[in-house]
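Taking it in order: structure first as structure tokens, then the write-up.
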């Protein structure tokens with residue numbers, strides 16, 4: 001007998017299930033693309049990275065910070081074992097909301113890294129201001145949201161250029177340089193400090209008379225720009241590197257002056273750089289230099305913003321190694337995916353399905369568009385699980401599984417629509433319609449044939465379907481998310497063999513604000529025998545719609561770390577450990593994976609808050625003395641303890657209240673023997689308790 005669904009919406013309730021621990025896993029399962037096993041497949045993706053390398057926490061290793069068009073700063077740490085051994089710490093460093101660019105710079109010359117970035121929104125007068133944070137004992141402290149110049153005017157840097165801050169006149173104070181769409185450079189001289197802020201004075205709109213516009217013999221070389229000063233030849237002065245909207249490579253302008261009196265002539269510009277293997281991308285490239293391998297010379301890294309030559313939403317973080325020296329660089333192209341992450345373009349939509357009936361979950365990912373295909377067509381990528389249900393190995397096998405697929409913003413979902421024992425698929429499109437592909441092969445060897453528009457459905461825009469037995473009558477029903485955030489429902493009033501979908505509701509959750517671009521995923525999360533709905537949206541939020549006896553309650557999941565806009569969730573059991581894996585697609589085009597600890601329902605610990613810096617331990621391995629550092633966002637009681645492999649507590653580093661900010665501790669091992677130990681930090685956290693653990697190796 002059909003069990004009716006009562007579309008009754010309760011208020012947004014606390015959701016005890018999601019008090020369970022969520023652990024970010026950037027490389028839990030191997031992902032192989034074109035024979036290359038990716039280092040950090042589940043770190044997300046990049047659409048236009050703006051990077052900067054620096055040693056933020058003074059542990060002797062470089063950190064990597066990136067903004068990627070969503071107004072956040074991502075933070076990656078490395079242990080220095082290899083030049084690319086970075087691990088994602090957070091996609092929202094200090095939860096700052098920024099504009100197009102940022103720059104860590106020691107503006108007060110006190111030996112640490114302060115931060116300046118463009119405002120996310122225009123200030124009075126319509127200009128974008130410079131926001132300034134001072135580093136005070138390891139904590140960034142807001143000094144102003146609108147930096148003024150020496151005349152009291154808002155210092156505006158525009159919204160489409162990426163400036164640089166550098167000392168090129170030898171007075172130690174870093175000056176500000178802003179490229180213009182006219183192909184010139186504006187310079188603000190740094191006069192020093194006033195009221196704990198850098199004091200900039202306008203000097204010129206035509207620094208060094210550089211003008212890369214209609215230059216004789218070189219054509220029209222201008223547009224939005226990204227500037228970087230770096231001493232590439234170790235002659236004591238800084239040279240200028242320039243990325244441009246209208247340039248697929250980099251301009252290089254050598255400083256033939258000295259450290260106090262720069263001389264940079266645009267007549268000597270090199271329009272193809274590096275000379276050994278010139279960069280060529282979609283344009284608007286952001287150059288950065290850093291000595292990652294510690295050999296005394298610096299490598300070149302380029303974030304591709306995409307200019308007039310196309311859209312590089314993949315392969316847009318370019319890495320050149322330096323095979324030369326600090327005085328004579330020999331920059332050699334290595335790869336265009338520096339961090340070796342999985343990046344499939346933009347607006348990734350994951351779904352799991354055992355497409356070959358071998359007992360493990362395969363992975364399909366839809367995206368917004370593929371710049372290698374005509375007409376901005378999207379793709380559904382197929383990753384076959386070449387491992388098993390215990391040890392999955394996802395290998396990109398084919399991106400042409402579905403013939404005649406012409407849409408974009410593709411959102412696939414699988415189900416056996418004709419009860420023939422294999423999985424069929426319907427795919428949502430940007431225009432609100434849904435494509436239907438019948439599996440005319442077998443459960444083991446799929447062969448998809450296009451059957452046209454599914455049910456003549458048109459939800460207005462960004463159709464995001466999900467199939468599942470929502471009403472418990474043993475056939476597949478359909479819910480569809482869409483651009484305005486509604487969850488539209490069709491029940492199957494036919495049978496598993498002969499479907500008969502009937503429209504039921506324009507929005508199951510009328511009256512509840514789920515944001516826009518709703519992305520539903522059907523799964524029995526609470527293991528009570530009926531399907532619930534996990535819902536992502538354009539703002540990057542997640543909602544859990546729980547079904548109990550036909551009644552729905554909706555909860556916003558508030559402690560999920562920021563993952564990026566346009567979240568699209570999928571959940572699966574991937575390795576037989578009894579835990580669920582949550583995989584999120586986002587606007588950035590990659591995937592992020594979180595392990596859900598299903599055994600900890602009664603445990604009060606939640607996810608380590610994203611604004612808390614990861615527990616850092618160095619050196620590791622260590623001999624006798626270990627340094628531990630951690631940043632906490634509020635005053636709280638913190639216990640830091642040491643445990644051995646037998647589960648015995650062998651030391652206490654801190655046990656008591658601490659103020660907000662960054663803290664460092666030193667631990668001496670005493671008489672302990674060499675071996676593996678675990679440093680555990682645990683906080684009462686007020687209403688959000690948390691804990692985190694770091695493994696260390698003690699070598700006498």
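When you take every Cα atom in the stretch 32-145, what is the radius of gyration, and what is Dmax, the widest Cα pair distance, in Å?
15.7, 53
Within 10 Å, count the other beta carbons around each residue, average over each peptide in 446-452, 470-476, 495-501, and list them highest first.
470-476, 446-452, 495-501
What does the highest-first list of 97-110, 423-436, 39-52 look like by mean Cβ count within 10 Å?
Put in order of decreasing packing, that is 39-52, 423-436, 97-110.
Please compute one quarter of the surface area of the Cα convex hull for the stretch 46-335 and express it in square nanometres.
14.3
Taking the Cα atoms of the chain, report the difference between the largest and smallest coordinate on each principal axis, in whole Å and largest first.
Largest first, the chain extends 86, 71, 49 Å along its Cα principal axes.
What whole-number distance in Å separates the alpha-carbon centres of the stretch 231-258 and the stretch 84-161?
Spelled out, the Cα-based centre of one part sits 24 Å from the other.
Can you tell me the relative contact order of the chain? Whole percent, Cα pairs under 8 Å, sequence separation 6 or more.
12
Could you give the nm distance between label points at residue 505 and residue 666, where each point is 7 Å from its Cα heading toward the beta carbon?
6.2
If each Cα of the stretch 350-503 is one equal point scatterer, what is log10 of I(q)/I(0) from the Debye formula at q = 0.09, 0.16 Å⁻¹?
-0.28, -0.89
In whole Å, how far is the Cα centre of the stretch 326-347 from that of the stretch 472-498?
44
Provide the FRET efficiency to the nearest 0.05 for the residue 259-residue 37 pair, computing r from the beta carbons and using R0 = 45 Å.
That gives a FRET efficiency of 0.50.
With r defined as the distance between the Cβ atoms of residue 326 and residue 191 and R0 fixed at 41 Å, what FRET efficiency is calculated, to the nearest 0.05?
According to the calculation, E is roughly 0.85.
For the stretch 354-443, how big is Rg over Rh, using alpha carbon atoms and the Kirkwood form of Rh?
With Rh from the inverse mean 1/r over Cα pairs, Rg/Rh is 0.98.
For the stretch 190-207 and the stretch 365-412, what is the separation of their Cα centres, given in Å?
Going from one Cα centre to the other spans 51 Å.
Once label points are set 7 Å from the Cα along Cα→Cβ at both residue 110 and residue 699, what is their separation, rounded to one decimal in nm?
The answer from the label model is 3.7 nm.
When the label point is put 7 Å from the Cα of residue 145 along its Cα-to-beta-carbon vector, which residues of the stretch 78-121 have a backbone N closer than 13 Å?
What the label zone holds, given the 13 Å backbone N cut-off, is 97-98, 119-121.
How large are Rg and Dmax for the stretch 432-556 when calculated on the C-alpha trace, in angstrom?
Looking at the stretch 432-556, its Cα Rg and Dmax stand at 14.9, 44 Å.
Using Cα pairs under 8 angstrom and six or more residues apart, how large is the relative contact order of the stretch 46-335, in percent?
12
May I ask you to order 437-444, 227-234 by the average number of other C-beta atoms within 10 Å around their residues, highest value first?
Averaged packing, sorted descending, gives the order 227-234, 437-444.
Readers should treat all values here as calculations from the given coordinates under stated rules, not as data from a laboratory. Predicted model, so just to flag it, every value in this text is computed and none were measured. When we count neighbours, we look across all protein chains shown, and the Cβ atoms used for this are built from the backbone with ideal geometry, even at glycine.
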